[in-house]
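Just below is one structure, and these are the notes that go with it.
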Amino acid sequence: MKKKAKAPTEEKRLFVLDTNILVHDPSALFKFKEHDIYLPMVVLEELDQGKKGLSDTARNIREANRFLDSLIKNTTNQDIFNGIALHFPGHLNKAFTLPTGKLFFQREELPAILPDSLPGNKPDNSILATVLSLQAKHHHTRVTLVSKDINLRIKAAVLGIHAEDYYNDQVLDDLSLMYSGMVQLPENFWEKHAKEMASWKEDGRTFYKISGDDISGWFPNLCVHSDADQFEAIVRDVNNSSATIEYVKDFRKHRNKVCGINARNREQNFALNLLMDPDIDFVTLVGAAGTGKTLLTLAAGLAQTIEQNLYREIIMTRVTVPVGEDIGFLPGTEEEKMTPWMGALMDNLEVLTQSLENDNKDLAKNTEWLQNRIRIRSLNFMRGRTFLNKFIIIDEAQNLTSKQMQTMVTRAGPGTKIVCLGNINQIDTPYLTGTTSGLTYVVQCFKTWEHNGHLTLSRGERSRLADHAIKVL
């Protein structure tokens with residue numbers, strides 16, 4: 001579990017895990033370093049109740065059960081009583097500290113400290129009673145309840161129980177620290193680096209090689225700009241204290257239209273440069289509604305699929321988390337079931353169709369022309385698939401967990417490009433926050449990769465009403 005820096009003399013703690021911790025991250029058992037873990041019997045019962053089905057929740061529960069089964073295999077009754085050593089599974093990523101604590105199970109009914117009359121969820125009350133009993137039994141050990149359930153943590157605080165959220169999957173302490181993908185050069189940047197700078201042209205592209213201490217914090221495909229001279233470039237290579245940058249193509253000019261549209265501002269121009277670059281396999285665009293994420297991506301995908309033949313087709317998908325009340329089961333094929341969730345796709349197709357019509361092309365033919373190269377797919381059927389030469393768009397990616405994001409990205413085969421779109425401030429998935437979202441996770445993990453591009457869009461271009469709503473609401 002990720003925590004703040006601690007004093008070396010801090011005593012070992014006992015963490016009581018709620019069911020939702022293992023549902024959220026089955027490998028959480030191995031992420032508490034030197035501390036011990038305690039599992040109440042009600043947690044095992046809830047895991048048993050939720051293990052059936054094809055949902056991600058059921059899969060995570062079955063994986064957690066397999067971890068528990070491997071830990072208790074070949075153990076004696078005395079081993080379980082004394083605590084089971086948390087042997088690290090060989091197939092897990094060892095990026096975190098190897099655990100040295102022990103796993104304890106509830107073996108007996110603890111004294112009923114919690115009043116039966118306390119209202120609320122009975123399993124939650126059972127967990128609270130267990131923690132109170134452990135606190136009374138272990139006077140010299142700090143007992144902590146770990147839960148993703150805010151209400152349970154509030155109830156724990158009311159009863160004098162120390163409770164924490166699960167932070168191990170939190171890639172950032174604060175969203176303000178998230179990699180933006182764009183840097184403004186200081187006013188004296190060119191004067192400071194002019195002596196050691198080299199420039200050349202290659203295949204109609206302009207490159208600059210710059211050296212200095214300012215380069216050390218740069219990443220591949222970082223977008224850099226200077227307001228004084230309207231300079232815009234993308235970092236192509238970073239080597240210690242030197243970097244090679246390329247002057248960007250200006251998609252704001254009429255002659256550089258992409259599927260009938262132009263970029264309207266600097267951010268959109270950078271985004272189109274990343275989207276249209278065949279050497280960039282993975283692009284993440286983060287921004288509020290109206291910044292043009294979906295429109296730009298769809299235009300770039302269609303241009304490279306139909307006009308340049310770089311990809312065979314476009315696949316668009318998103319997690320189906322409703323904002324309001326669920327509308328229930330939907331009839332039809334996989335694509336027909338996904339259609340109600342793809343309103344953004346149809347809206348942006350209409351914009352692209354109108355743009356092509358303004359260029360004196362037939363509207364009816366364009367609509368069919370565009371739709372025939374787009375396939376709508378559900379995330380529920382992505383496991384085990386491999387996509388070859390596809391342009392994949394994952395919309396509303398902020399609602400994906402890190403595990404779901406890993407499942408999606410690993411579907412990419414040779415010649416496939418994946419673009420993830422989302423608004424970190426608009427998460428609808430329970431127990432998921434901006435710092436634990438799968439979108440934040442991939443942005444931070446991929447930022448050093450030479451075939452990755454990321455950009456945070458902040459300037460809205462939808463309408464003056466939408467722009468004002470973003471600012472004041």
*Hey, K33 hits all of (1) under 24 Å from L132 (Cα atoms); (2) within 23 Å of the chain's Cα centre (by Cα); (3) not in a helix (DSSP H, G or I) but one; which does it fall short on?*
(2)
*Determine whether the stretch 291-309 contains at least one residue that is more than 30 Å from W190 (Cα to Cα), surrounded by fewer than 16 Cβ atoms within 10 Å (Cβ to Cβ) and among the polar types (S, T, N, Q).*
yes
*Are any residues in the stretch 39-83 assigned to a loop (DSSP other than H, G, I, E, B) and either of a type in the set (D, E) or modelled with pLDDT of 90 or more (or both), and if so, which ones?*
P40
_Looking at (1) assigned by TED's automatic domain parsing to the domain that holds L39; (2) at pLDDT 85 or above; (3) not polar (S, T, N, Q), which one does V183 not meet, given that it meets all the others?_
(1)
*Where Y311 falls short, out of the listed (1) modelled with pLDDT of 90 or more; (2) within 21 Å of the chain's Cα centre (by Cα); (3) of a type in the set (S, T, Y)*: (2)
_Residue count for the stretch 202-247, restricted to those that are among the polar types (S, T, N, Q) and touching a Leu at 6+ places or on another chain (Cβ under 9 Å)_ = 2
*Restrict the check to the stretch 441-460 and report whether at least one residue is in a strand (DSSP E or B) and surrounded by fewer than 21 Cβ atoms within 10 Å (Cβ to Cβ).*
yes
*Can you tell me which residue within the stretch 416-432, out of those that are part of a loop (DSSP other than H, G, I, E, B) and in contact with an Asp or Glu (Cβ under 9 Å, 6 or more places away or on another chain), is modelled with the lowest pLDDT?*
Y431
*asked:* Can you list residue pairs whose Cβ atoms sit under 7 Å apart, with the first residue in the stretch 244-267 being within 22 Å of F219 (Cβ to Cβ) and the second being part of a helix (DSSP H, G or I) and aromatic (F, W, Y)? Count only pairs 6 or more apart in sequence or on different chains.
replied: V248/F270
_Residue among E350, E368 that is charged (D, E, K, R) and at pLDDT 75 or above_ = E350
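Residues checked against (1) surrounded by 20 or more Cβ atoms within 10 Å (Cβ to Cβ); (2) in contact with a helix residue (DSSP H, G or I) (Cβ under 7 Å, 6 or more places away or on another chain):
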{"site": "L17", "(1), (2)": "yes, yes"}
{"site": "D25", "(1), (2)": "yes, no"}
{"site": "I37", "(1), (2)": "yes, yes"}
{"site": "I61", "(1), (2)": "yes, yes"}
{"site": "D69", "(1), (2)": "no, no"}
*Of the conditions (1) buried (at least 16 other Cβ atoms within 10 Å of the Cβ); (2) at pLDDT below 90, A136 fails just one. Which one is it?*
(1)
_Criterion first (free of Cβ contacts under 8 Å to residues at least 12 places away in the same chain and outside the structural domain of H451 (by TED's automatic domain parsing)) does G212 satisfy it?_
no
*Restrict the check to the stretch 113-128 and report whether at least one residue is among the aliphatic types (A, V, I, L, M), modelled with pLDDT of 85 or more, closer than 19 Å to S147 by Cβ and under 38 Å from the mean Cα position of the chain (by Cα).*
yes
*Output the residues belonging to the stretch 138-174 that are assigned to a helix (DSSP H, G or I) and touching a Leu at 6+ places or on another chain (Cβ under 8 Å).*
L152, R153, K155, A156
*Members of the stretch 137-185 that are in contact (Cβ under 8 Å) with a residue 40 or more places away in the chain and of a type in the set (A, V, I, L, M, F, W, C)*: V143, L145, V146, L152, L159, V171, L172, L175, M178, M182, V183, L185
*Taking D214 as meeting all but one of (1) buried (at least 16 other Cβ atoms within 10 Å of the Cβ); (2) outside any helix (DSSP H, G or I), write down the number of the exception.*
(2)
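The values are calculated or read from the model by the stated rules, or taken from the named source; none is laboratory data. The shown structure was predicted, so the numbers you read here are calculated from the model rather than taken from an experiment. Positions of Cβ are generated from backbone atoms using ideal geometry, with glycine treated the same way; all protein chains shown enter the neighbour counts.
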